[in-house]
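> Could you have a look at this structure, given as structure tokens, before my questions?
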Amino acid sequence: MAAFAQPVHRCSTCALQLPNIKDRCGKCLLEPPPWQSALAAVSYQWPWSQLVAQFKYQAQPGRAGALASVMHSAPGVDDALAQAQWVLPMPLSPQRLAQRGFNPSLLLAKQLSPRQSRHDLLLRIRDTPAQRTLPRSARWRNLQGAFAVNPLRAAELRGQSVVLVDDVMTTGASLHMAAQVLVAAGVSHLTTVVLARTEEGARDGP
């Protein structure tokens with residue numbers, strides 16, 4: 001595992017790296033995302049991009065523990081976990097789960113906080129083409145109606161503080177759509193935590 005990256009200044013609500021000390025980037029000031037804060041451990045560049053690819057696409061789930069340790073090292077992550085009632089992974093559709101054999105985000109969530117991790121509250125109800133195969137302008141349309149709260153468990157989310165976990169944030173489209181569903185279900189405070197954040201093409205609009 002590569003050495004931990006040095007902390008950098010990031011926007012508090014989209015985790016985009018900033019050139020100087022600011023709380024929020026201009027994009028988030030104009031179009032606030034549906035969560036209160038976003039935390040990222042590293043930038044999505046070598047060696048982290050290679051490690052993520054090995055973890056996700058080369059069937060190496062055993063890397064989850066080491067990658068979660070990197071996430072724990074990011075400022076604010078442990079505080080967010082301590083304040084949350086639930087830690088939710090970004091869900092995969094049954095079709096994608098069958099293809100891959102595991103959900104990387106679920107493995108990270110379990111490593112981050114085994115007792116708070118829940119995979120049965122947020123669901124992927126529509127299979128869609130992989131986001132990485134689409135141009136940025138199509139990623140938002142691709143995810144319309146893809147997520148839902150489990151109607152049998154919805155009461156467990158109302159008024160709760162939640163951490164939403166994913167491996168990589170690129171445009172933020174997947175997290176944004178899932179977050180909207182959680183907020184609509186009554187989640188009172190939402191923090192997104194990702195291992196890696198791309199540093200180009202930040203959060204595109206719908």
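The values are calculated or read from the model by the stated rules, or taken from the named source; none is laboratory data. Predicted model only: the values in this text are computed from it and were never measured. Backbone-built Cβ (ideal geometry, glycine too); neighbour counts: all protein chains shown.
> Which one is surrounded by the most Cβ atoms within 10 Å (Cβ to Cβ) among residues in the stretch 152-191 that are under 28 Å from Gln60 (Cα atoms) and acidic (Asp, Glu)?
Only one residue fits best here, namely Asp166.
> Return the pairs, sorted by first residue and then second, in which the second residue is surrounded by 14 or more Cβ atoms within 10 Å (Cβ to Cβ) and in a helix (DSSP H, G or I), the first residue lies in the stretch 89-102 and is small (Gly, Ala, Ser), the beta carbons are less than 9 Å apart, and the residues are 6+ apart or on different chains.
Gly101/Pro61
> Select from the stretch 60-70 the residues that are surrounded by 20 or more Cβ atoms within 10 Å (Cβ to Cβ) and out of contact with any helix residue (DSSP H, G or I) (no Cβ under 6 Å at 6 or more places or on another chain) and write down the one among them that is nearest to Leu39 (Cα to Cα).
As a first pass, look at the stretch 60-70 and keep what is surrounded by 20 or more Cβ atoms within 10 Å (Cβ to Cβ): 64, 67-68, 70.
In the following step, the residues that additionally are out of contact with any helix residue (DSSP H, G or I) (no Cβ under 6 Å at 6 or more places or on another chain) were identified as 67, 70.
Details: Leu67: 14, Val70: 12 Å.
Filtering first and then ranking leaves Val70.
> Report every pair of residues separated by at least 6 positions or lying on different chains whose Cβ atoms are under 6 Å apart, first residue within the stretch 108-120 and aromatic (Phe, Trp, Tyr) and part of a strand (DSSP E or B), second at pLDDT 95 or above and surrounded by fewer than 16 Cβ atoms within 10 Å (Cβ to Cβ).
Matching pairs, first to second residue: none at all.
> Of the residues Ala66, Ala41, Ala80, which single one is outside any strand (DSSP E or B) and either closer than 13 Å to Val165 by Cβ or in contact with a Ser or Thr (Cβ under 9 Å, 6 or more places away or on another chain) (or both)? Working first, answer last.
Working: Ala66 fails: either closer than 13 Å to Val165 by Cβ or in contact with a Ser or Thr (Cβ under 9 Å, 6 or more places away or on another chain) (or both); Ala41 fails: outside any strand (DSSP E or B).
On inspection, the qualifying residue turns out to be Ala80.
> Further question on the same structure: Report yes if Leu190 is within 13 Å of the chain's Cα centre (by Cα), part of a strand (DSSP E or B), farther than 21 Å from Ala64 by Cβ and at pLDDT 95 or above, otherwise no. Before the answer, list the steps.
Numbers: within 13 Å of the chain's Cα centre (by Cα): yes; part of a strand (DSSP E or B): yes; farther than 21 Å from Ala64 by Cβ: yes; at pLDDT 95 or above: yes.
Taking the combined requirement at face value, the residue satisfies it.
> Further question: Give the residue, chosen from Gln17, Gln36, Gln85, that is within 17 Å of Val193 (Cα to Cα) and modelled with pLDDT under 95.
Details: Gln36 fails: modelled with pLDDT under 95; Gln85 fails: modelled with pLDDT under 95.
Of Gln17, Gln36, Gln85, the one residue that is within 17 Å of Val193 (Cα to Cα) and modelled with pLDDT under 95 is Gln17.
> Okay, moving on. For the condition touching a helix residue (DSSP H, G or I) at 6+ places or on another chain (Cβ under 8 Å), surrounded by 19 or more Cβ atoms within 10 Å (Cβ to Cβ) and more than 24 Å from Val183 (Cβ to Cβ), what is the one hit in Val42, Val77?
It is Val42.
> Report the residue count in the stretch 132-172 for those that are at pLDDT 90 or above and either hydrophobic (A, V, I, L, M, F, W, C) or not in a loop (DSSP other than H, G, I, E, B) (or both).
17
> Same structure again: Identify, from the list Ser37, Ser73, Ser12, Ser43, the residue that is in contact (Cβ under 8 Å) with a residue 24 or more places away in the chain, of a type in the set (Ser, Thr, Tyr) and more than 30 Å from Glu156 (Cα to Cα).
Ser43
> If I ask for residues that are under 24 Å from Gln111 (Cβ atoms) and of a type in the set (D, E, K, R), which ones from the stretch 144-186 would you list?
Across the stretch 144-186, the qualifying residues are Arg153, Glu156, Asp166, Asp167.
> Among the residues of the stretch 83-102, write down those that are closer than 21 Å to Ala154 by Cβ and not in a helix (DSSP H, G or I).
Taking the stretch 83-102 as the starting set, the residues that turn out to be closer than 21 Å to Ala154 by Cβ are 84-94.
Listed by number, the residues that qualify are Ala84, Gln85, Trp86, Val87, Leu88, Pro89, Met90, Pro91, Leu92, Ser93.
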